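The values are calculated or read from the model by the stated rules, or taken from the named source; none is laboratory data. If you're wondering where the values come from, they're calculated on a predicted model, not measured in any experiment. All Cβ positions, even for glycine, are placed from backbone atoms using ideal geometry, and neighbour counts span all protein chains on display.
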Amino acid sequence: MTRTRATFAALLAATVTVLALAASADAATFCVNDPACPAGGVPKGTPEAAVTAANGDSAFDTIRIGPGTYNTSSGLWASQPVAIVGAGRDATEIVLTDAGAGVVVGASTSSSVSKLSVRLTKPFSQGIGLDKGADVTDVSVSAPDLLTQLFGVLGSDTGSDMNHVNVDLGDGADVTGIGAGGSVVRDSTVTAATGIAGGQQGLTVRRTAVHAQLGLRTAGGALNASNVLITPHPRPASIGFIGAEVTNDNAGQDGSLLASNLTIGGGGVPSGLGIYVHSIDNPNVTTGTASATVTGAILRGLAHALYQQGDSGMETATVGITYSSYDADSVVENVYGGFFHGVGNHEDNPDPRFVNQAAGDYRLRWDSPLLDQGRPTALVAEENPDLAGHERVRDSDANGSAIRDIGAYEYQRLAPTAGVAVKPASTPLGSATVCDASSSSDPDGDPLSYAWAFGDGGTGSGAQATRVFGALGAYQATVTATDPTGLHAAASATATVAPAGDHTAPVLSGLRLSPKLFTARRGSRVTYRLSEQARLTLVLQRASRSGGRTVFKRYARATRAGTAGMNRMRLRRRLGSRRLAPGRYRLTLVARDAAANRSNAVRAKFTVKR
């Protein structure tokens, strides 16, 4: 455990036990700026005030913090069982303006933090602290890149469930995304100098993406990981990169890694290491081993795909790897321990054919040589689903046998979705119609090919195709989108070829109200001119004051037929289903002809008096 982590852990444990328990009381809900505060909820002016109220008794309370940004210099420290719930991590933000901890909960395994974000602004800070196995769900922690001595989420005891956590910190000194022992991290994204660190109590990681200088680390404990993507920090302060590190600790306790379906991409980092297993060189420690059992891993773009190092016959390091893809020539082996290349490996480092590594998409393409090449049976519990939340065991290569793919993602072999639009929807005879299928997509990220049938016997290809129809009428333009595996989907849209002139939009002019000031009972005469017969849409907006200025908000809507030439109508008592209440209004008229051509909009203001 680093000095920074030990300091934070001691501070966390001291804070949650220093306050004496008050007499028990009924559970309460305290609300801060929460418009959805339930009946019986107690409003509080600040999050600090709500936490203070919850600390006043030992009942399990709930603190609801509504949308907004809340600055705090001392953080929110809950010493009693509590659930702190925001309005969403994009809506409720706690900003820690001084060094310390943003949100700390404990005193019970049922305590939790959810649906909020914490922003750190000073070094020697942590975002969220968990004691007694408290949980976090749907939270985020962030800080500027230059800050050092940080923890995103820190658990001081075993049993915490860290679910849908997003940590985005820099790559500075002593910056750790998640530090926890005896806990589970799942369905999360962590960006930090050290991504996820465990200790003697062990750590489980599932379906998590880590972007770090050191991705996963365990010292003197068991790390169990599955469906994990590890890549270098996107804003690195140095060029060093270690995907996963396993060591014994200063007490001589063994460290171990049991991992399945990892994707570790170094991105060409010169000193990158994949799985780094060693025993620490400490003259006061002469025992303790480090071991790694890895299956289904992709180790790509690394100077050393695997590194095994022991310090003595009493401090050995052992690596076993099966059903994985890596460069065997780049493996570094040490005499103290052993390195075992097991069955099912692709040691010639084949191109895994990621969908788009440059854009961070490490899914396997349809033509990857690693499809259905993984371990036939599970190595660890909860291997299913994969990192994207999809079924882990699929017949990815369509050979009739469903076996795991290698890496964090399972190719799903799903059909594409087709989309089509024609532009413009109506054209005059002899003009071109553009048929566009660019809204089509493939859930596997596969490239698509396109085949068109225009409804007049003609065909075409490509995401966009142009057609000049030879006769008046309506045509069904159909596109079929096909992925490289032969799976396909179709979609259609109607293209209309109208007589010359029908493509011209109607012209609307001369809108007048007489009078412009009237009572609803007497009403006003509305006149306007149309260049051709069309359907008219009338939208009525009513004036109101907002922020010291006048704004018009939608009030009523109606439609009616219009004829070529001058049109007249009476506006009295109501428009559509809405009564004309006293006030100021703006009337907007838009016309559409039979070919769906839309006119210009015309507007007029008027006032209804009492």
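Observations on the model:
- Of the strands (runs of 3 or more DSSP E) lying entirely inside segment 492-534, those containing at least 1 residues that are among the hydroxyl-bearing types (Ser, Thr, Tyr), within 52 Å of the chain's Cα centre (by Cα) and surrounded by 14 or more Cβ atoms within 10 Å (Cβ to Cβ) are 524-530.
- Among the residues of segment 574-595, the ones that are assigned to a loop (DSSP other than H, G, I, E, B) and either surrounded by 15 or more Cβ atoms within 10 Å (Cβ to Cβ) or modelled with pLDDT of 90 or more (or both) come to 5 in all.
- Complete set of residues in segment 177-205 that are in contact (Cβ under 8 Å) with a residue 40 or more places away in the chain, in contact with a Lys or Arg (Cβ under 7 Å, 6 or more places away or on another chain) and either of a type in the set (Ser, Thr, Tyr) or closer than 16 Å to residue 243 by Cβ (or both): 197
- Criterion (touching a residue at least 40 places away in the same chain (Cβ under 8 Å), surrounded by 16 or more Cβ atoms within 10 Å (Cβ to Cβ) and either among the small types (Gly, Ala, Ser) or more than 17 Å from residue 222 (Cα to Cα) (or both)) met by exactly one of 296, 255: 296
- Between 97, 109, the distinction of being of a type in the set (Val, Ile, Thr) and either buried (at least 24 other Cβ atoms within 10 Å of the Cβ) or under 22 Å from residue 29 (Cβ atoms) (or both) belongs to 109 only.
- Flag if residue 132 is on the phi > 0 side of the Ramachandran plot and basic (Lys, Arg): yes
- When 527, 519, 485, 466 are checked against the criterion of being outside the structural domain of residue 605 (by TED's automatic domain parsing), farther than 30 Å from residue 365 by Cβ, touching a residue at least 24 places away in the same chain (Cβ under 8 Å) and polar (S, T, N, Q), 466 stands alone in meeting it.
- Criterion violated by residue 392 - all others in (1) over 12 Å from residue 371 (Cβ atoms); (2) more than 24 Å from the chain's Cα centre (by Cα); (3) at pLDDT below 95 satisfied: (2)
- Selected residue (only one of 303, 237 is in contact with a Pro (Cβ under 8 Å, 6 or more places away or on another chain), surrounded by fewer than 24 Cβ atoms within 10 Å (Cβ to Cβ) and either under 30 Å from residue 148 (Cβ atoms) or at pLDDT below 90 (or both)): 303
- Note on segment 320-401: enclosed strands (runs of 3 or more DSSP E) holding 2 or more residues that are surrounded by 17 or more Cβ atoms within 10 Å (Cβ to Cβ) and of a type outside the set (Val, Ile, Thr) are 337-341, 361-364.
- Residues of segment 546-562 that are of a type outside the set (A, V, I, L, M) and either at pLDDT 90 or above or closer than 16 Å to residue 605 by Cα (or both): 550, 552, 553, 554, 555, 557, 559, 560, 562.
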